[in-house]
Structure formats: C-alpha cells, structure tokens
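Values quoted throughout were computed directly from the atomic coordinates according to the rules given, and no laboratory measurement underlies them. Since the model is a prediction, treat every value here as computed from it, not as a measurement. Here Cβ is always computed from backbone atoms with ideal geometry, including for glycine, and neighbour counts include all displayed protein chains.
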Amino acid sequence: MEKITNESFHKRDKENYLQTFRRYPLVLERGEGCFVWDVEGNKYLDVLAGIAVNNVGHSHPTVVKAIQDQAAKLVHISNFYLSKPQVELTEKLAEISEMDRVFFGNSGAEAVEGAIKLARKYAFKNGRGGTIISMEKSFHGRTLATIATGKEKMQHGFGPIPHGFKKVPFNDFDALKAEITEEVAGIIIEPIQGEGGINPVEIEYVKQVRTLCDEHNMSLIFDEIQCGMGRTGKWFAKEHYGVEPDIMTSAKGLGGGVPIGAFMAKEKTASAIDFGDHGTTFGGNPLVCASALATISVIEEEDLLENATEMGEWFKEAIEAENLPGYKRFKGKGLMIGLEFDFETKPLVAKMMEHNVLANATADNILRIVPPLNIGYKELQILIDVIKLSIKSLKNN
C-alpha cells in the first residue's frame, strides 16, 4: 500500500488535473477554527482562510450543522421553485447590505458578470452605451468579461477580449472624468483592492465618483467580494465611506466555504431587469443558502465585526513595533491586511509555510493576511513570531 504523503498526492494530481495552479506542496485534510492539518498530520495556522473565504474559521459547528441538516432535507431544486433558505437569505442580505434586490450565483466572477449585465441593461433603457470603466490593479474574476476589467497579463492568450471595457488609474478622479461619455454605463470599484495589493479607495475620490454617476445616470458598482461580509470590521467596506453603490457584489466570505456569490442592487437600477434577462441553475440552492445563513448568524452572535476591528488594530500596533527588516507600511482595514515590504514576498510566504503558517503574497511585495474573523491574540502573536523568524532566516541565506 502506497504511503500517504503530500508528495504522493501531488504526483497523482499532476496526472489528470489541468495544471493551472502553482500549488504549495501541501495536501490539506481537515481544519478547525484558525488551524488546518495536512495528510501527514502537520498542523498549520491559516491566515489566508481560503483567500478571505472562511470568515468563521474551518468547520465551525454552527455552519457544519446547518449544512448537514439541509443536506438531509433538500440540496437542489433549480430556480423554477422557491426554497425557505433562499427567501431567508435574501431578506437577511437585503437587511445587512441596505440594498433592495438580491440575485444568487456560484462565485465572485459570476456575481460581477451579473452586475455588469444589470448596469448595461439599465444604461440601455436610459439611452446610454454599455462601456464599463474599471480601475488599474483591480481584480474582478477570471471569466472573459471579468479579465477585460483587470490586469493585462491575465488577458494574454485569450483574445479577442470582449470590447466595452476601459481602465483608469485608481484614485485618480481627473483620469476617470476624462473618460466619461454617453457610451459609459457604469464604473466598478473595489472599496479595498485585494489582488492589487490591499489598496483602499480614498474617501473623497469615491464621493466624487458617486456624484459623477448621479450626474450622468451611470451605475456605480462596488465589488465587495473580498472586502465584504465583515472582513473590514463592517458588514461591507462601503460603510467606512458613507457612499452607497447602485449595484454591489459579494461572494468569498458569504457562504462559510461553500460556493456562492451574489449581486445586489437598489430598486431604481434593478427595475431595468425583465423576466428571462438573467438566470442560473445552481445559484442560491437550499444547501448554499443554509450555509450562508449560518455563517451570518455566527458573525452576529459571536460579535465578529467587533473582533475583526479589535484584532486588526492590535495587529497593526504590534507589527509596527517590531521594526521588521524591509518593512514599509501597513495597508487595509480590519482583518483585510497587507504588509508592504521592499522585497518580493513569495519567498517569505514559502518560508512561513516551513514554520507552519499559511499566508499569501500579492502584488509582488505585499504579504496578504486575511484570517478567520474569530482569530485571537494568541494566534496573531504566533503569526508575528513566524514573520520575524522567516524574515531573519531569509536574510541569513
């Protein structure tokens, strides 16, 4: 019998799986709270949380029970019919988002696709064109339309790229205003850019953008796929800015780990959609909605918005007191954190993994930290100690 090792599973993976991921040499088998274990029994502190997905940690008993109970009753029915969990989740999301209408899909990219379609349909009904303006360094997904909004390197080899998309520098209002014509349907912004390096939007900029959209009857879209669902210490990052979008997307932390996405809209914009304009087979099925409802209840009942704020502030003070070699600045809000260094951070992430902490590098020199929202002081201190140890080890090599 073949010995069960990380290496043996990776060898099997390479036989059949489409090789599009440069995976780390681990095979994770189970998780609990902020920790995961590989198939060899090694324990790791997980501060990546499935890329800001596992907001209530791994295998939270409330979420596990909700999934088990719902799976025993009804998993999938299609959207020809209605289910109790979908109705309840729609109501809850409308409440916490202060949006009027909700549509469920299966992923963040699918949510953005729906948001783009809605913005274009609203523009069409109001005599405008369908161009969508996005920000440089943004990331909105991996479908053809969503890569058209993002980095050019993600478009290479997939042409022709869909037309009707433009990019402007982030937080540069003059550059944005110069692109506004009757052809523009909407503007899409991440209130805090994730893949781009944990870059918050400037408050005056986003207020100007809101006014610009109002003046031209364009849709303002907030992509809250990574920064939403409590990640920044608020249900949605828009609450930090006091600006309401016309359309907003959500995914990642929404479902507690199951695949679910959503786009939400104000009634004015949502009213542009007619029967048959959009659809989904799996989106919003009873299982994923039950998991999302349980996840939201955990965030509420365990005061995880407050914890995200408190832990984020404590971590910022603690990490900046360390005077880490090469450290430049702290970026982000709550537990959506980027530590900027004057060196590439991929080797740092690899070294941290050797010391049993899982994190992520983005935008070349940013260490991305997006742990479960129920992380505590003890776990964050482990993280700080491992960052210090890993940097020291790299400097000595």
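Annotations for the structure displayed:
- Each residue of region 126-139 is assigned a 3J(HN,Hα), and the resulting list reads 10, x, 9, x, x, 5, 10, 9, 10, 9, 4, 6, 7, 8 Hz, derived from the Karplus form 6.51 cos²θ - 1.76 cosθ + 1.60 (θ = phi - 60°), x at Gly and Pro.
- Degrees separating the helix 108-125 axis from the principal Cα axis of the chain, which is the longest one: 10 degrees
- Label-point separation, Ala318 to Glu152 (7 Å along Cα→Cβ), nm: 4.2 nm
- Whole-Å distance, taken between Cα centres, linking region 111-181 and region 35-107: 29 Å
- Highest-MSF residue in the chain out of Thr345, Thr211, Thr149 [GNM, Cα springs under 10 Å]: Thr211
- Shape of region 310-393, Cα gyration tensor, a/c cut at 1.5: rounded
- Segment Thr280-Ser8, extension gain: residue separation times 0.36 nm, minus the distance between their alpha carbons: 94.2 nm
- Taking all Cα pairs closer than 8 Å and separated by 6 or more residues, the relative contact order of region 62-301 comes to 32 percent.
- Prolate/oblate/rounded call for region 92-230, Cα gyration tensor, a/c under 1.5 rounded: rounded
- Cα gyration tensor shape of region 119-180, rounded if a/c is under 1.5, else prolate or oblate by comparing a/b with b/c: oblate
- For region 312-342 versus region 218-287, the gap between their alpha-carbon centres in whole angstrom: 29 Å
- Taken over region 62-301, the percentage of Cα pairs per 10 Å bin, counting from 0 up to the bin with the maximum distance, is 8, 33, 36, 18, 4, 0.
- Fluctuation leader among Ala294, Ala94, Ala72 - the chain, Gaussian network, Cα springs under 10 angstrom: Ala72
- Angle between the chain longest axis and helix 286-301 axis [Cα atoms, degrees, rounded to 10]: 70 degrees
- A crude spin-label estimate for the pair Asp69 and Glu302, with each label 7 Å from Cα along the Cβ direction, gives 1.7 nm.
- Here the Karplus relation 6.51 cos²θ - 1.76 cosθ + 1.60, evaluated at θ = phi - 60°, turns the backbone of region 47-60 into coupling constants of 9, 9, 6, x, 6, 6, 9, 7, 5, 10, x, 7, 6, 4 Hz, with x for every Gly and Pro.
- The long axis of helix 6-16 is offset from the longest Cα principal axis of the chain by roughly 40 degrees.
- Mean Cα-pair separation over length for region 224-316, i.e. relative contact order, pairs under 8 Å, 6 or more apart, %: 31 percent
- Rg then Dmax, both in Å and based on the Cα atoms of region 208-259: 12.5, 40.
- Structure remark: mean-square fluctuation, Gaussian network model of the chain, C-alpha springs under 10 Å; the largest value among Ala111, Ala251, Ala321 belongs to Ala321.
- Summing charges over all other residues whose Cβ lies under 14 Å from the Cβ of Leu394, with Lys and Arg as +1 and Asp and Glu as -1, gives +2.
- DSSP-defined beta bridges in the chain - what % are antiparallel, rounded to 5: 65 percent
- Sequence ranges 228-239, 8-19, 348-359, 60-71, ranked by mean other-Cβ count within 10 angstrom, highest first: 228-239, 348-359, 60-71, 8-19
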